[in-house]
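Engineer: Have a look at the structure that comes next, please.
Taken together, the values in this text are just the output of simple stated rules run on the coordinates, not laboratory data. None of the values given here were measured: they were computed from a predicted structure. Here Cβ is always computed from backbone atoms with ideal geometry, including for glycine, and neighbour counts include all displayed protein chains.
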Amino acid sequence: MLDIKYPILCGGMQWVSRAEFVAAVCNAGCMGFITAESLERPEDLRDEIRKARTLTEKPFGINLSMVPEFGKPERTLQFCDIICEEGIKVVETAGRSPEPLMEKLKKGDVKIIHKLTTVRHAEKAQRLGVDAVTILGWGSGGHIGTDNIASFIKIPLAVKNLDIPVIAGGGVATGAGFLAALAMGAEAVLMGTAFFVTNEAPVHPDIKQKFIQASENDTTLVMNTIHNPMRVLKNRLSEDVLALEAKGATLEQVVAEMSGSKCKTAYKSGDIEISPHVCGQVVGLIDEVKPVKKLIDEIISDAEVLMKRLNNMS
Ligand SMILES: Cc1cc2nc3c(=O)[nH]c(=O)nc-3n(C[C@H](O)[C@H](O)[C@H](O)COP(=O)(O)O)c2cc1C
């Protein structure tokens, strides 16, 4: 469906998923998504797409995040126009129903992979006509929804209830996780944190080192009080946000504190404490910064070894 070598997707990551990084992901045999919300003006997306095409011949997609922190509906529709004009064939939508975008994208023959967190919403997305869904587990980095259900439950359930392909999102960084997701019936996996800790991610090395040192216990959920929990790395900023929430802060106050532009500054300076850092529990499995290609090659070769073990067991 996506014309990729390995069924591995790199979820869009604001500021990180720029042309160079996405090209590295695609050149390693996976699919990456340029995050439209990293760009100042919708027209900048055109330049970013053209730049990526000079760096890879492989297909890539665009991430359209519609979470409350970004997501101005007119801006997202302008991005859709550029996506269609530039002949992009796949988008990752997230944060809100893709319904308002569907007509434009379908006309442009663009496949829609909607990223969400519940089987119920996945069924609704299928009825709307999306081409595939990515279902994020509770341990994933980023917006994980409010159902608190693990992938081990959601993925087989979604595979059973849906006709469209199901992608297992989050919690994967190794061949074991990859193979487990496929065994549960997922057509592919989607990773974020594991790709973030690669050489090619345009992020200060000190931040990547903090991720390497972090264990599975070092993430926390902020924005619970505004019913939009987000899994981030524990740091000073996350403590401040939790304290603000405990004092009954309004949605506007919480969202302002979580501003994505702080990340942009942190990725340059290397100061981990000043911004929210989306991070999955899978960070506990990551102990080395490596090139994207090595990450993927190791996942595939480890999965092959595990397959042999399973075959021997049977
Ligand atoms: C640093 C970082 C930034 C992210 N930014 C976005 C974003 O802008 N839009 C989005 O849809 N998802 C974003 N995500 C979520 C990922 O696309 C993906 O859904 C998630 O990381 C998967 O869980 P995992 O981290 O356990 O692999 C981000 C993830 C990370 C690690």
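Engineer: Restricting to lysine pairs 8 or more places apart or on different chains, what number in region 198-269 have Cα atoms under 24 Å apart?
Structural biologist: The number of close lysine pairs in region 198-269 is 13.
Engineer: Okay, next question. Considering only Thr146, Thr193, Thr93, give the residue with the highest GNM mean-square fluctuation for the chain, with springs between Cα atoms whenever their separation is below 10 Å.
Structural biologist: Thr146
Engineer: Are there any trypsin sites (Lys or Arg not before Pro) in region 247-314 that are in a DSSP loop and have at most 15 other Cβ atoms within 10 Å? List them by number. Kindly include the intermediate steps, with their values, before the conclusion.
Structural biologist: Values: sites: Lys247, Lys262, Lys264, Lys268, Lys293, Lys294, Lys308, Arg309; in loops: Lys247.
Those that pass, being in a loop and sparsely packed, are Lys247.
Engineer: Could I ask something else about it? So if I place +1 on the C-beta of Lys and Arg and -1 on the C-beta of Asp and Glu, and nothing else carries charge, what would the dipole magnitude of region 25-118 be about its Cα centre? I want it in debye, nearest 20.
Structural biologist: Approximately 260 debye in magnitude.
Engineer: Could you pull the Cα extents of region 161-314 along its three principal axes, largest to smallest, in whole Å?
Structural biologist: Principal extents (Cα only, largest first): 56, 39, 25 Å.
Engineer: Classify region 55-176 from the C-alpha gyration tensor, please: rounded if a/c falls under 1.5, else prolate or oblate depending on whether a/b exceeds b/c.
Structural biologist: prolate
Engineer: Along the charge dipole of the chain, which of Gly141, Cys30, Ile83 sits closest to the positive end, that is, farthest toward it, with unit charges on the beta carbon of Lys, Arg, Asp and Glu (+1, +1, -1, -1)?
Structural biologist: Working it through, the farthest residue towards the positive pole turns out to be Cys30.
Engineer: Another question about this same structure. Pick out, from Phe196, Leu116, Leu55, the residue whose Cα sits farthest towards the positive end of the charge dipole of the chain, with +1 on the Cβ of Lys and Arg and -1 on the Cβ of Asp and Glu.
Structural biologist: Toward the positive end, the furthest listed residue is Leu116.
Engineer: To the nearest 20 Debye, how big is the dipole of region 95-208 about its Cα centre, given +1 on the beta carbon of each Lys and Arg and -1 on that of each Asp and Glu?
Structural biologist: Taking the Cα centre of region 95-208 as origin, the dipole is about 260 debye.
Engineer: Tell me, what ³J(HN,Hα) does each residue in region 188-193 have, in order and in whole Hz, if you take phi through Karplus 6.51 cos²θ - 1.76 cosθ + 1.60 with θ = phi - 60° and put x for Gly and Pro?
Structural biologist: For region 188-193, the Karplus curve yields 6, 10, 10, 10, x, 3 Hz.
Engineer: Compute the Cα gyration tensor for the chain, then decide on rounded, prolate or oblate, letting a ≥ b ≥ c be the square roots of its eigenvalues: rounded whenever a/c is under 1.5, prolate when a/b is larger than b/c in the other cases, and oblate in all that remain.
Structural biologist: The shape class here is rounded.
Engineer: Of the GluC sites (Glu not before Pro) in region 229-305, which ones lie in a loop per DSSP and count no more than 12 other C-beta atoms within 10 Å?
Structural biologist: Taking region 229-305 and a limit of 12 other Cβ atoms within 10 Å, the loop GluC sites (Glu not before Pro) found are Glu288.
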